[in-house]
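Bear in mind that the values in this text are calculations on the coordinates, not laboratory data. Keep in mind that what you see is a predicted model, and the values were worked out from it rather than measured. Glycine also receives a Cβ, built like all others from the backbone with ideal geometry; neighbour counts cover every protein chain displayed.
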Amino acid sequence: MTSSGTNSGGLSSESSAPTSWAAAWELLVPAASAPARARGRSLRAALREAVRSGRLAPGTRLPSSRELAADLGVSRGLVTEAYEQLTAEGYLRSGRGAGTWVGGAARAADPRARDLAPRPAGARADFLPGVPDLALFPRAAWAAAQRGVLAELPHHALGYPDPRGLPRLRTALAEMLARRRGVVAAPERIVVVSGVAQAMTLLGFVLRARGVRGVGVEDPGSPEHGALYASAGVGTVPLPLDEEGLATGPLEASGVRAVVTTPAHQFPSGIAYSARRRAELLDWARAVDGLVIEDDYDGDFRYDRAPVGALQGLDPEHVAYTGSVSKSLAPGLRLGWLLVPASLSEEVVERKRTMDLGNPVVDQALLARFVERGDYDRQLRRCQRAYRERRDALVSALDEHFPGTEVSGIAAGLHAIAALPERYGPLDRFLGRATAAGVAVRPLAHYGKAPEDGVRLVLGYAHLSPGRIRDGVRLMAEAVGG
């Protein structure tokens, strides 16, 4: 590098120019050896990075274009163009006859890419609920469906989609949901969403626009419901359960006109709403012209009998029904559905349009093909066999290592409720010992109102093999003195 002026490399600075330039020089040298057609772009990128990273500090005076061109062995025009471009962008500043200086506007971005996906850190045995076995994802069938979709999808279909979802997918879902879950599912009433979370948020925005300020939620229940409605500006009112489902007395006294329910398999208690309670809930909705929001999060998975049909099938004008492929395929696909009453349809669709302009077209077409060809039904049967075996393994392991444990709730879904005998308490001590042994487990009390005495656990099992379930229960028993 040549020396010109009073400082090395022709620099002067309001701080420490030679040090700053030396630190930046190693970024600029590779630009000079880039292919001729890419040399200007490389030089501009190198200068930007030097400024953003702080290697060229604010207030540093750069060499003249002639000097830098000579040092790098490139044309002066290349350097002049780079200086002009970065001055226009705000990285550099210049004045007539005053040279070119590093500006003060640029700030370095955090180079890290953090992973905020929820997962327990270092657990030797993970019984946290709500996670399917991702190893059961049908990769070969999904890949074949993807190839078929890409081969047959017309070019015009890659434009902005109907915000409700592709007609092909809505038609396939309508047939499948009517057949499997007993819903009244006209394709025009279906909105394709990126999971139940988006369905809840959409309904929250629409209810808020109608003046609703509070929605009832089951207690105990999913903590996500409260957060989702809060994001739409709607509060939640916890409502207690009894052995038949949502207690209708507190519901009527609450004054709410919308309530979120999980009637097929209540989360987390594991009960199924009785036929009487389902009828009472619909009577309430008709009396107040209200809305029941049915979260059918795992309704396909029942192990002791055929699944009970969806509540929506009894009164589609007072029930909004939602579900997804998160438990049957994978939550990372972000694909689900929302069936809405006619009175809410236009508002929900308009809110969906302004929220995201619709879900990805290729993913929708892929799921449609997967459903049409019977692959989705085959996947459900595969998961059901695996999850039934794992629930049986959990019950057997609890009986062996925690004798006297009562497993409550119906034989369904991806989790079970285990009430351990009194000798394993108190709860805080049990949880402390389990955590210290590397066992991730969650108490029923985590989800809202629950008995304070005793050890009542919500145990997820679907993501664990039978062997890992047995080992995990044994490890937990050894940790807590079972």
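Numerical summary
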{"quantity": "Peptides ranked, highest mean first, by Cβ atoms within 10 Å: ranges 125-137, 151-163", "calculated": "125-137, 151-163"}
{"quantity": "Helix-only [θ]222 nm of the chain, DSSP H runs n ≥ 4, -39500 (n - 2.57) each, per residue, nearest 500", "calculated": "-13500 deg cm²/dmol"}
{"quantity": "Burial ranking of peptide ranges 372-379, 39-46, 360-367 (average Cβ count within 10 Å, highest at the top)", "calculated": "360-367, 39-46, 372-379"}
{"quantity": "Computed FRET value (nearest 0.05) for ALA108 with GLU26, which takes r as the C-beta separation and R₀ as 30 Å", "calculated": "0.95"}
{"quantity": "Phi to ³J(HN,Hα) by Karplus 6.51 cos²θ - 1.76 cosθ + 1.60 over the range 231-248, Hz, x for Gly, Pro", "calculated": "5, 9, x, 10, x, 10, 10, x, 10, x, 10, 10, 5, 9, x, 5, 6, 6"}
{"quantity": "Length added when fully stretched, SER75-GLU49, from 0.36 nm per residue minus Cα-Cα", "calculated": "7.3 nm"}
{"quantity": "For the range 19-118, size of Cβ-based charge dipole, Lys and Arg +1, Asp and Glu -1, in debye", "calculated": "140"}
{"quantity": "Sorted peptide list for 96-104, 60-68, 231-239, criterion being average Cβ within 10 angstrom, highest first", "calculated": "60-68, 231-239, 96-104"}
{"quantity": "Residue-span extension gain [ASP283 to ARG124] - 0.36 nm each, minus C-alpha spacing", "calculated": "52.5 nm"}
{"quantity": "Bridge type composition, the chain - antiparallel percent by DSSP, nearest 5", "calculated": "60"}
{"quantity": "Distance from the range 157-196 to the range 216-281 (C-alpha centre basis), Å", "calculated": "26"}
{"quantity": "Angle between the chain longest axis and helix 275-288 axis [Cα atoms, degrees, rounded to 10]", "calculated": "60"}
{"quantity": "Among SER326, GLY77, LEU239 the positive-end extreme of the charge dipole of the chain (Cβ point charges)", "calculated": "GLY77"}
